[in-house]
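The values are calculated or read from the model by the stated rules, or taken from the named source; none is laboratory data. All of these numbers come straight from a predicted model, not from anything done at the bench. Using ideal geometry, Cβ is built from the backbone for each residue, glycine included, and neighbour counts are taken over all protein chains shown.
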Amino acid sequence: MGGYATGLFPAGTTATTPDPATAAPVIMELAGIPDPPQRLIVGSRSFDAVLEMDRARAEQYRASESLSRTAPG
């Protein structure tokens, strides 16, 4: 099974029962885009959660930046 870790399941963004009918218009519009994004965050709460996770992750990266940059590559 493929995929990648997003952290959304432990973060609780799936706490509500999703309604496929609310995502269907988004998926239909996505299907018509000539150059669609590789990933799309569907839903306002999910979008906010992903942005917050990205902000926190970037903060963690910056905290150890000097150590990370000690190795070539």
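Laid out as a table, the results:
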read-out	value
Qualifying positions in the stretch 34-73 - among the small types (Gly, Ala, Ser), within 26 Å of ASP19 (Cβ to Cβ) and assigned to a helix (DSSP H, G or I)	SER44, SER46, ALA49
Qualifying positions in the stretch 38-58 - under 14 Å from VAL26 (Cα atoms), over 9 Å from the mean Cα position of the chain (by Cα) and aliphatic (A, V, I, L, M)	VAL42
Test: residue in the stretch 54-62 that is surrounded by 10 or more Cβ atoms within 10 Å (Cβ to Cβ), at negative phi, of a type in the set (A, V, I, L, M) and modelled with pLDDT of 95 or more	yes
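Quick grid of which residues meet (1) hydrophobic (A, V, I, L, M, F, W, C); (2) touching a strand residue (DSSP E or B) at 6+ places or on another chain (Cβ under 9 Å); (3) exposed (fewer than 10 other Cβ atoms within 10 Å of the Cβ); (4) modelled with pLDDT of 95 or more:
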{"site": "GLY3", "(1), (2), (3), (4)": "no, no, yes, no"}
{"site": "ALA11", "(1), (2), (3), (4)": "yes, no, no, no"}
{"site": "PRO25", "(1), (2), (3), (4)": "no, no, yes, no"}
{"site": "SER44", "(1), (2), (3), (4)": "no, no, yes, no"}
{"site": "ALA49", "(1), (2), (3), (4)": "yes, no, no, no"}
{"site": "SER64", "(1), (2), (3), (4)": "no, no, yes, yes"}
{"site": "PRO72", "(1), (2), (3), (4)": "no, no, yes, no"}
